[in-house]
Amino acid sequence: GIAAWLLAMVLSASAAHAHGGVGMQDNRCVLRIGPDLMFFTGYQPQNSRDEFCDDIPNTGQTVVVLDMQNTELRDMQTEIRIIKDEGNHTTMNGLPFLTDAELGSPQVLDPVTITHVLPRTYPTGTLNFEHTFPETGKFIGIVTVKNAHGQTYVSQFPFSVGKGFGKNIGIYVSMVVVLFAAVFMLWHLGRKQKLGAPKKPA
């Protein structure tokens, strides 16, 4: 019915704003890396303990925790890099995306890297790191895992700092459009039913 259609459209509008390798699954924020998953939790202790999934609401100290959901990840070397997005990368579905050549080039990565967690294993399956963002802007997180056989998986997730409203406005606009479409459809169906109803004899 109309309600199911409306719900599907709203969910589709929200999903369109998922950021690269980071998205929602069963009300949890997850980072997809190859065939595996990590739970992603971010918060800013100086502002509140409210968690965020992708975009960082404010500048300042930021803590990110990754919980590996697949045991094979614990034996793999995990590396994290955050770079500043200068708007000169290839885009995929409207999001910036580094090519394999860029990912393998220190000449490309090093000048724009703002934090780098060197590769190591995490036997407990939990990885956390902190970074202080002094200014607003757009960034790209890159998580790389590599096993003993040299097999490598990379997950990229673009995000912004201090620009939460700008990100959410697209979702709000999409939802308003969907609501207007639903109201129009209900009005149109009601009008057709009224016009098609048989007239009572005088």
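Data overview
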| quantity | calculated |
| --- | --- |
| Some residue of region 111-128 being within 14 Å of Val154 (Cβ to Cβ), touching a helix residue (DSSP H, G or I) at 6+ places or on another chain (Cβ under 9 Å) and in contact (Cβ under 8 Å) with a residue 40 or more places away in the chain | no |
| Pair list, Cβ < 9 Å and 6+ apart or interchain, from region 148-161 residues that are in contact (Cβ under 8 Å) with a residue 24 or more places away in the chain to residues that are assigned to a strand (DSSP E or B) and basic (Lys, Arg) | Tyr153/Lys146; Ser155/Arg32; Pro158/Lys138; Phe159/Lys138; Ser160/Lys138; Val161/Lys138 |
| Looking only at region 44-54, and only at residues there that are in a strand (DSSP E or B) and of a type outside the set (Asp, Glu), the one that is nearest to Thr152 (Cα to Cα) | Phe52 |
| The one condition in (1) of a type outside the set (Gly, Ala, Ser); (2) modelled with pLDDT of 95 or more; (3) closer than 25 Å to His89 by Cβ; (4) outside any strand (DSSP E or B) that Tyr122 fails to fulfil | (3) |
| Filtered residue count, region 123-154, keeping only those that are out of contact with any Ser or Thr (no Cβ under 8 Å at 6 or more places or on another chain) and on the phi > 0 side of the Ramachandran plot | 1 |
| Qualifying residue in region 147-168 (condition: surrounded by fewer than 16 Cβ atoms within 10 Å (Cβ to Cβ), basic (Lys, Arg) and part of a helix (DSSP H, G or I)) | yes |
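The values are calculated or read from the model by the stated rules, or taken from the named source; none is laboratory data. As the structure is a prediction and not an experimental result, all values here were calculated from the model. Counting neighbours? That spans all protein chains shown, and the Cβs are built from the backbone with ideal geometry, glycine included.
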